[in-house]
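Trainee: Dropping a structure here in structure tokens format, bear with me for questions.
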Amino acid sequence: SGALPAGLSLNRDTGAITGIPTAEGASKFTITARNGGVVPDASISYDMKVTPFLAPPQITLTAAVERGTLARGGSVGVSVSLRNDSPQPVSGVVSLAGPDSVDVDPASVEFSGLESGKAVTRSFRVSAKPDAALGEAVLTASAHVTGVPVTPVQIPLT
């Protein structure tokens, strides 16, 4: 009795429920196995809620050094941009990390409600410690969007 959500069907021989729901909503239904009087009938009731499918976030992460030379005791700005190409708004955290010879401030920045097709840019300050042996340092920009990690981007810093 009752009804399966639109787009689903019950195979009367196997009991399998198959298909893809085509509409949001709640459904209540009962499945009964009739045993021809030898064994008592068996019934089970279900409450099923169909919710929209949210596609995994489609994010592009880019980073740029405002000026490329970092001297001992000096600092440079780094901007990290995140573009949302997902069909739904996203929220998350953008982070920047480097070797022990540098300090990054802030280490991470949150963002929320980034609409589809939009980008957000966050600024970081990277400072070389006075005793740093720099050579070429590599910074790593990363992000977690709606709980999903985004492929990190590495930025060489000379």
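The values are calculated or read from the model by the stated rules, or taken from the named source; none is laboratory data. Fair warning: this is a prediction, and the values are worked out from it, not measured in the lab. Using ideal geometry, Cβ is built from the backbone for each residue, glycine included, and neighbour counts are taken over all protein chains shown. Areas reflect the complete protein model, heavy atoms only, side chains present, ligands, DNA and RNA absent. Shrake-Rupley method; radii C 1.70, N 1.55, O 1.52, S 1.80 Å.
Trainee: Label-point separation (nm) for VAL148 and ALA23, each offset 7 Å from Cα along Cα-to-Cβ?
Mentor: Rounded to a tenth, the inter-label distance reads 2.9 nm.
Trainee: Let me ask something else. Counting pairs of Cα atoms in segment 108-158, how many percent are more than 13 Å apart?
Mentor: 71
Trainee: If you count only protein heavy atoms and use a 1.4 Å probe, how large is the accessible surface of THR140, to the nearest 10 Å²?
Mentor: 40
Trainee: If you count only protein heavy atoms and use a 1.4 Å probe, how large is the accessible surface of ASP103, to the nearest 10 Å²?
Mentor: 80
Trainee: Hey, another quick one. Among LYS49, LYS129, what's the order by accessible area (1.4 angstrom probe), most exposed first?
Mentor: LYS49, LYS129
Trainee: While we're here: Between ASP131 and ALA97, what is 0.36 nm times their sequence separation minus the Cα-Cα distance? Round to one decimal in nm.
Mentor: Numbers: separation 34, 0.36 × 34 = 12.24 nm, distance 1.86 nm.
Fully extending the segment from ASP131 to ALA97 adds 10.4 nm.
Trainee: Would you report the distance distribution of C-alpha pairs in the chain as whole percents per 10 angstrom bin, up to the bin with the largest distance?
Mentor: 10, 27, 17, 13, 11, 11, 8, 3, 1
Trainee: Something else: Skip the ligands, DNA and RNA, and give the accessible area per residue of the chain with a 1.4 Å probe, whole Å².
Mentor: 62
Trainee: Follow-up. Mind checking which aspartates and glutamates have their C-alpha under 16 Å from LYS49, skipping anything on the same chain fewer than 8 residues away?
Mentor: Straight-line reach from LYS49, under 16 Å: GLU24.
Trainee: With springs only between Cα atoms under 10 Å apart, run a GNM on the chain and tell me which of VAL90, VAL39, VAL80 wobbles the most.
Mentor: VAL39
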